[in-house]
């Protein structure tokens, strides 16, 4: 119940802060026109952060000014704020509910015994159950074949064979096994130590054997994806899919709206097409990264508060690879969506363009989720890890599975960066030719031809 109170308190704080900030923005918007007309009004102390932000924008040139404009518009939007709160609530629920279910009471663990178990080993298994807050019940098994049948039927959760192995029906880290992962790990370690003590007689050589004792083998009847497959791989794929579909669609709609309202004509009179497009891409990209960092930080904080182990065990290399491909994936697709948005000027045209543009993202996402769950990538999947439209998903999965070397990862990154640069130049060319053409949707073949003199 304490964890539930912590989450409710955090949600209440977020709602209060959201309400206060919304009212503050509304008051600032009401006085914006009056402040803009009165240039002689002295600068208030509260305007200093705004002045410093303006200085940062000017230091970045025209791209910085456009990026700052995009950041302010997106962050002030009601959809962004409400969507962020909804995402945080969903993340908190996904972390807190399993933690509450796990801590609701002791879990019954039925351990099948083949060939008998010594009193010392039985005591160690019961001790491991108490440490993991599990109730251990021993089930005698006539033979190893009978024990395997009971495992598959669910009559027992784990089996300790006569040779000292621990048998499971499903891998303990797959989420499909009924055995408690903590109990299995502790029992394997305790029995390994006990076996080392039985071989040793406290002589120096035997004491060395005890000091190097290893857990006994844990073998599953069904082959799993392997220990390197972490939950962070799936979380990273979901976050990447959300980021590409959500924020690239923002770029698509934003370019279309500027073209339809003729605002782009005023903007292009002041900045070059590549600067305008680059500022929009950078601004929305910073908002995307900020929201992603907020979600990840909030998930880690809630997990630490309620004692959840959902995100524990994440390999630093895999986590850094996920973050890098978040940036590279957005950098590639944002130019594609921006160029497509410049060819449309109505909402129905945007919907027509969004579906074919999202097909590579959806294909790579579903395929990567499947490979991450099975842990067996094939040759076609490895080839897609070097193809820029699918590399953000496929390469991050290969890193999580530990089936790619550092130089292969670097080659994929360099290919993606080169493709992103080429796509930026191609998108700027299309944007320059299509953004000022109105009346009907501009066809791609018309833009690729030689411009009329």
Report relative contact order for the stretch 229-448 in percent, whole number only (criteria: Cα-Cα under 8 Å, sequence separation at least 6).
33 percent
What is the order of 342, 178, fewest Cβ neighbours within 10 Å to most?
178, 342
Shape of the stretch 287-434, Cα gyration tensor, a/c cut at 1.5
prolate
Exposure proxy check on 241, 298: fewest-to-most Cβ neighbours within 10 Å is 298, 241
Based on the Cβ-Cβ distance from residue 90 to residue 347, what FRET efficiency comes out when R0 is 25 Å, to the nearest 0.05?
0.35
At 0.36 nm per residue, minus the direct Cα-Cα distance, what do residue 270 and residue 429 gain on full extension? Give it in nm, one decimal, please.
55.5 nm
Based on the Cβ-Cβ distance from residue 133 to residue 246, what FRET efficiency comes out when R0 is 35 Å, to the nearest 0.05?
0.30
Using R₀ = 51 Å, calculate the FRET efficiency as 1/(1 + (r/R₀)^6) where r is the Cβ-Cβ separation of residue 355 and residue 414; round to 0.05.
0.95
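Readers should treat all values here as calculations from the given coordinates under stated rules, not as data from a laboratory. None of the values given here were measured: they were computed from a predicted structure. Quick reminder, even Gly has a Cβ in these numbers, built from the backbone with ideal geometry, and neighbours come from all protein chains shown.
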